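Some notes on the structure that comes next.
The values are calculated or read from the model by the stated rules, or taken from the named source; none is laboratory data. Fair warning: this is a prediction, and the values are worked out from it, not measured in the lab. Because the Cβ atoms are built from the backbone with ideal geometry, glycine has one as well, and the counts that use them run over all protein chains shown. Keep in mind that these areas ignore ligands, DNA and RNA; they rest on the heavy atoms of the full protein, side chains included. Shrake-Rupley method; radii C 1.70, N 1.55, O 1.52, S 1.80 Å.
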Amino acid sequence: MNNLFMENRSQPLADRLRPKSISQIVGQDHLLGATAPIGRMLSQNRVPSMILWGPPGCGKTTLARLLCDNINAEFEQLSAVFSGVTDLRKVFERANRRKEIGQRTLLFIDEIHRFNKAQQDSFLPYVEEGTITLIGATTENPSFELNSALLSRCQVFIMNSINNEALELLMQAAEEKERKALPLSESGRNSLKLMADGDGRFLLNMVEELFHLPIGTQLEPEELATVINHRAPIYDKHKDQHFNLISALHKSLRGADPDAALYWLARMLVGGEDKSYIFRRLVRFASEDIGLADPNAITQALACWDAYMRLGSPEGDLALAQCVIYLATAPKSNAAHKALNLAKASAEKSGSLSPPLHVLNAPTRLMENLGYGKEYKYDHDSEQGFSGQNYFPDRLVPEKFYQPIERGFEREIIKRLSYWDKLRQIKNQ
């Protein structure tokens with residue numbers, strides 16, 4: 001008995017607390033509740049092939065095992081990191097033999113996005129014929145990482161990172177299992193949950209370390225940080241999180257919220273994002289969302305980028321923050337962006353119309369005889385410095401692409417354009 005007890009105690013706490021039933025899984029009620037998608041499937045005793053997409057430590061593997069138990073199938077597990085075609089072939093052969101005697105096979109593939117196209121395609125006939133029920137787990141966006149043919153045969157379910165309430169339940173379960181309280185103050189408990197960053201497995205590993213501290217210890221947040229390390233933030237500079245955070249930064253800038261913009265900037269910096277990539281997006285923002293409402297915005301963005309290149313990190317990070325604050329607080333206009341799109345659409349429709357002859361240079365006598373440059377009016381020779389001539393192709397009705405907004409410097413541009421429109425009408429009467 002003692003040997004069995006000691007063997008059990010040698011298991012990591014996360015394994016000893018692994019849920020034994022679907023009802024014990026925390027933080028995924030949006031999928032597992034009685035009226036939620038997977039909950040409804042289980043009530044009907046069916047589990048289709050599916051992709052579980054979620055961050056590390058949210059319970060993808062545990063859920064797959066328990067789903068297998070619910071349909072009384074044989075559980076096969078492979079990791080796309082360590083497995084190849086030979087491993088898949090052996091699984092398919094065993095599944096075929098089971099199918100012949102009426103037994104089901106559930107194949108769980110961890111990190112399924114790491115399989116190449118050919119390996120992903122190899123699942124298709126076995127999924128279609130019902131030889132296997134496939135459950136793939138991935139931390140990457142399936143839209144980008146999995147073949148469309150495989151996605152069309154699987155339902156995709158998004159698993160959430162574990163929220164604070166669910167993390168608290170895990171901590172309480174650990175305390176009950178170990179029959180002692182964690183050596184943490186209330187603020188220390190909250191700090192530990194923040195450090196876990198939604199990863200239940202990581203939380204339980206930290207909890208296990210804390211149980212080894214001397215009895216009577218009561219850690220505050222500052223002391224906790226010296227005992228265990230923070231979880232590294234989930235961030236991949238080339239994948240989904242990369243695009244999600246730059247999108248959040250861009251939209252915070254557009255929404256004139258400098259504090260939110262600084263938060264998303266900080267998240268990208270902590271994640272190790274390439275600073276040049278951030279600056280490229282900021283320069284783009286200065287044109288796309290500010291434009292001529294504040295002509296200094298693009299100058300400021302380029303100047304901050306130049307300052308960063310001269311200073312490097314961490315000193316130059318302040319220039320990056322300055323740029324973000326300036327862009328967030330600048331007046332906004334997307335008039336230039338819309339104008340370019342309208343002009344492109346017009347250019348695509350109008351084809352290869354030639355410019356009017358009067359705007360063409362005539363460097364040769366032949367071109368002059370053909371009418372190149374004839375009747376061109378030099379704007380500076382007019383009293384107002386404005387000739388009012390047409391510069392569109394002769395066969396194209398002039399259009400208004402640029403519609404400045406009553407914000408920032410574009411208010412002045414509206415006045416100028418209105419003045420020139422009146423002059424044009426007078427000169428063309």
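Descriptive notes on the structure:
- Complete set of residues in segment 145-166 that are open to solvent by less than 60 Å² (accessible area, probe 1.4 Å), farther than 12 Å from Gly57 by Cα and out of contact with any Ser or Thr (no Cβ under 6 Å at 6 or more places or on another chain): Glu145, Leu146, Asn147, Ala149, Leu150, Leu151, Phe157, Ala166
- The C-beta contact set for segment 338-366 (first residue free of Cβ contacts under 8 Å to residues at least 60 places away in the same chain and under 22 Å from Lys400 (Cβ atoms), second residue surrounded by 13 or more Cβ atoms within 10 Å (Cβ to Cβ) and hydroxyl-bearing (Ser, Thr, Tyr), distance under 6 angstrom, 6+ apart or interchain) comprises His358/Tyr376.
- Test for Pro314: is it free of Cβ contacts under 8 Å to residues at least 40 places away in the same chain and either over 23 Å from Asn141 (Cβ atoms) or among the small types (Gly, Ala, Ser) (or both): yes
- Listed by position, the helices (runs of 4 or more DSSP H) contained in segment 124-239 that have at least 2 residues being modelled with pLDDT of 90 or more and within 29 Å of Asn45 (Cβ to Cβ) are 124-128, 148-151, 164-178.
- Any hit, segment 368-389, residues being in a helix (DSSP H, G or I), open to solvent by less than 50 Å² (accessible area, probe 1.4 Å) and modelled with pLDDT under 95: yes
- Complete set of residues in segment 129-144 that are touching a residue at least 60 places away in the same chain (Cβ under 8 Å), polar (S, T, N, Q) and either within 14 Å of Gly54 (Cα to Cα) or surrounded by fewer than 17 Cβ atoms within 10 Å (Cβ to Cβ) (or both): Thr138, Thr139, Asn141
- Test: residue in segment 83-91 that is open to solvent by less than 70 Å² (accessible area, probe 1.4 Å), over 16 Å from Ile38 (Cα atoms) and of a type in the set (Gly, Ala, Ser): yes
- Residue count for segment 270-281, restricted to those that are within 16 Å of Ser252 (Cα to Cα) and either under 17 Å from the mean Cα position of the chain (by Cα) or surrounded by fewer than 17 Cβ atoms within 10 Å (Cβ to Cβ) (or both): 2.
- Filtered residues of segment 362-388 (kept if more than 23 Å from Lys422 (Cβ to Cβ) and either touching a helix residue (DSSP H, G or I) at 6+ places or on another chain (Cβ under 8 Å) or not polar (S, T, N, Q) (or both)): Ala362, Pro363, Arg365, Leu366, Met367, Glu368, Leu370, Gly371, Tyr372, Gly373, Lys374
- In segment 81-125, the qualifying residues are those that are aromatic (Phe, Trp, Tyr) and in contact with a Leu (Cβ under 8 Å, 6 or more places away or on another chain), and the one that is nearest to Pro55 (Cα to Cα) is Phe108.
- Residue identified as assigned to a helix (DSSP H, G or I), of a type outside the set (Asp, Glu) and touching a Leu at 6+ places or on another chain (Cβ under 7 Å) among Ala345, Ala339, Ala328: Ala328
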